[in-house]
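Take a look at the structure below.
The values are calculated or read from the model by the stated rules, or taken from the named source; none is laboratory data. Everything quoted here is computed from the prediction, not taken from an experiment. Heads up, the Cβs are rebuilt from the backbone with ideal geometry, glycines too, and the neighbour counts pull from every protein chain shown. Just the protein is used for accessible areas: all its heavy atoms, side chains included, with ligands, DNA and RNA removed. Shrake-Rupley method; radii C 1.70, N 1.55, O 1.52, S 1.80 Å.
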Amino acid sequence: MKGREAMGVQETDAADAKLLGRTAAGDADSFRALFDRYYPLAYRFILRITRRPELAEEAASDALFDVWRGAGRFRGSSKISTWILGIARHKALNALRAVKDDSWQELSAAEEAADPADGPAEVFEERDRRARIRRALETLAAPHRAALELAFFHGFSYSEIAQVLNCPENTVKTRVFHAKKKLGRVLSAFVGEEL
């Protein structure tokens, strides 16, 4: 990261640290600010693991509730976002174990919303593109999907992903490598289907 991007991340980390410290002291407004910032991130991350919106909602809420209860135990050995997504990952896996069902549910309607400025052709093309990407992601094993999600949708470094997924950094690199390779093959096949 360079210049303003690095400064923005540092400022965000500092702001999160203040909010977490105040949350640990029992400040509900600070927790509400953390919740508003991290619930959408946790929800999307959990949704990609569970593939079930109803499980993602509950698990994301549970994860943030654990942040409220455990704010005083955060020791700063990782970024706060890494710590929160680590909690979210555990909640997602626990939710999957509870239902013993890994079936795919469609993503929320909010994610499918079209830009009102687009015409019908653009809306159709965008929905089709998203559907192809979603189908391609479905072909990945859960550990590969999670690593890819954190790397490309959330911008986490490999070391941060290793902390969230509780595995060695080299395992993360391998998962991302294989996930990208498989996605390339699957997306190429989808392009071939259109011809």
- Query: Could you give me the ³J(HN,Hα) list for region 61-72, computed from phi with Karplus coefficients 6.51, -1.76, 1.60 and θ = phi - 60°, whole Hz, x at Gly and Pro?
  - Reply: 4, 4, 4, 5, 5, 5, 4, 4, 6, x, 4, x
- Taking 0.36 nm per residue of separation between ALA142 and ARG127 and subtracting their Cα-Cα distance, the length gained on full extension comes to 3.0 nm
- Starting from the Cα of LYS173, step 7 Å along the direction of its Cβ; do the same at PHE153; then give the gap between the two resulting points in nm. 2.5
- If you count, for each residue, the other Cβ atoms within 10 Å and average over each peptide, how do 44-56, 145-157 line up from highest to lowest? 44-56, 145-157
- Query: How far is it, in nm, from the label point at ARG185 to the one at LYS18 when both lie 7 Å from their Cα along the line to the Cβ?
  - Reply: 5.0
- Item | Residues with amide H under 5 Å from that of PHE156, placed H, sequence gap 5 or more | ALA151
- Using a cut-off of 10 Å between beta-carbons, work out the net charge of the residues near GLU149 (Lys and Arg +1, Asp and Glu -1, GLU149 not included). +3
- Task: Can you tell me the FRET efficiency between ARG134 and ASP27 if r is taken as the Cβ-Cβ distance and R0 is 35 Å, rounded to the nearest 0.05?
- Result: 0.35
- Message: I'd like to check one number: the per residue accessible area of region 126-195, probe 1.4 Å, reported in Å² as a whole number.
- Response: 56
- Residue-wise HN-Hα coupling along region 22-34, computed from phi with Karplus coefficients 6.51, -1.76, 1.60 (Hz; x: Gly, Pro): 5, 4, 4, 7, x, 6, 5, 5, 5, 5, 4, 5, 4
- Query: Once label points are set 7 Å from the Cα along Cα→Cβ at both LEU41 and ALA98, what is their separation, rounded to one decimal in nm?
  - Reply: 2.4
